[in-house]
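Input: a single structure, listed below in structure tokens.
The values are calculated or read from the model by the stated rules, or taken from the named source; none is laboratory data. Source: prediction; values computed, not measured. Backbone-built Cβ (ideal geometry, glycine too); neighbour counts: all protein chains shown. When the accessible area is computed, the model is the full protein with side chains, heavy atoms only, and any ligands, DNA or RNA have been set aside. Shrake-Rupley method; radii C 1.70, N 1.55, O 1.52, S 1.80 Å.
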Amino acid sequence: MKFKLYFYSIFTFLILGCGSNKNQNFLIGTYTVNSKQGINVVEFDSKNKKLEIKNVITGVENPSFVIANKTKTIIIAVEETASNNGGKVTSFTYNKKSKKYFKINSCYTFGDHPCTVTFSKNEKNILVGNYSGGNFGVFPIDTTGKLSENKQIIKFEGNSVNINRQEKSHVHSIVFHPTENKIFITDLGRDVIEIIPFENDENLILKKESISSFYLPKGCGPRHLIFNKNGTKAFATFELTNQVGIFNYVNNKFTLEKIINLTTDETKNGSAAEIKLSKDEQFLYASVRGNDNFIAVLQLKDEIKLIEKVSTGKSPRNFILTENEENILVANELSNTISVYDRNKKNGLITLTSLQIMISKPVYFCPF
């Protein structure tokens, strides 16, 4: 019996050890300056400390926000552009055998500069938020990746106190609640989180008449929002005040628990961007651009507080924790680099490594 237990322990260790060091691929959203650029496909080898570009998916303009379905066979990107019909949302398929990417189709979003996109839970619809349009739409998608014209558009009206940045609605993120049939929209232009219920996953008809609004401190400019696993806590970056808001969520209502300042009053220039939560829900990470280019590390256990700031390249937009959470990859838009940081899983702290690659204007990561 002891031998069996010993053998099982060794076998489990080897399996878990190998699994934690497997290579991981990412789709990198970018702002393009020529037709040869687009969505970069990057492979990260954490064991041998290698990071390399495997492919570039072209035929798309400013694919700043990119997602993939669960089976990694369909890729969706916004095209953050403006026209009489707004920007675009574009779909691609990926053939795992041939390792080739094929563009399927595009639809106009009827709102300028789409900057966020997500699959519905059953992956039969795509939701796209338009920053300059102040609206978002629902687009059906079939199993081949073909998008249909939007079946519902919801537009928001209003503004807030920052006359330069909050002259009208600016939709910045769309998030599904982990357990409830609700979506959450952060509106940077109105300092509001909109809570919108829907009937079911199959049709995803949003109940516009049942929208409830949670108003945030004036001038904060909510950007990105995430929930913990059970949906009882939420975390948001306030772009215009360089802060992180921490909320309790119960019975369709938010309570603002705490606000953490990421920079001093003298250096606040409106640049907090991405936010991520570790799997153990003990640490929170946020990026700050502008005069202060860094990743902030927040401790959530015991006392909630800022415990570290680590310098990055210029304008760290999106970043991502690897699957084993032993590394963080950061997209530095204005430095045109992807940088790799080691992460201590016990204390949450991160350290810059020498590993980086050059990509023109990288702004988003999607595991692939």
Hits in segment 153-191 - residues which are hydrophobic (A, V, I, L, M, F, W, C), free of Cβ contacts under 8 Å to residues at least 40 places away in the same chain and under 17 Å from Gly270 (Cα atoms) = Ile163
task = Would you mention how many residues in segment 44-66 are assigned to a strand (DSSP E or B) and open to solvent by 40 Å² or more (accessible area, probe 1.4 Å)?
result = 6
key: Matching residues in segment 307-333 - criterion: being within 18 Å of Arg223 (Cβ to Cβ) and outside any strand (DSSP E or B)   = Thr312, Ser315, Glu333
remark   = By my count, strands (runs of 3 or more DSSP E) wholly in segment 67-176 with at least 1 residues that are small (Gly, Ala, Ser) are 74-79, 88-95, 100-108, 125-130, 135-140, 171-176
task = Kindly list, by first and then second residue, each pair from a residue in segment 132-149 that is under 25 Å from Lys168 (Cβ atoms) and in contact (Cβ under 8 Å) with a residue 40 or more places away in the chain to a residue that is open to solvent by 30 Å² or more (accessible area, probe 1.4 Å) and assigned to a strand (DSSP E or B), limited to pairs with Cβ atoms under 7 Å and residues at least 6 apart or on different chains.
result = Gly134/Lys155; Val138/Gln152
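Yes/no per residue for (1) open to solvent by less than 60 Å² (accessible area, probe 1.4 Å); (2) modelled with pLDDT of 95 or more; (3) under 17 Å from Val297 (Cα atoms):
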site	(1), (2), (3)
Asn200	yes, no, no
Ile205	no, no, no
Lys208	no, no, no
His224	yes, yes, yes
Gly231	yes, yes, no
Phe235	yes, yes, yes
Phe238	yes, yes, yes
Gln243	yes, yes, yes
query = Restricting attention to segment 190-198, does a residue exist that is open to solvent by less than 10 Å² (accessible area, probe 1.4 Å), closer than 30 Å to Thr143 by Cβ, at pLDDT 95 or above and of a type in the set (Phe, Trp, Tyr)?
reply = no
Scope segment 238-291; condition of a type in the set (Val, Ile, Thr) and touching an Asp or Glu at 6+ places or on another chain (Cβ under 7 Å); matching residues = Ile246, Thr263, Thr267
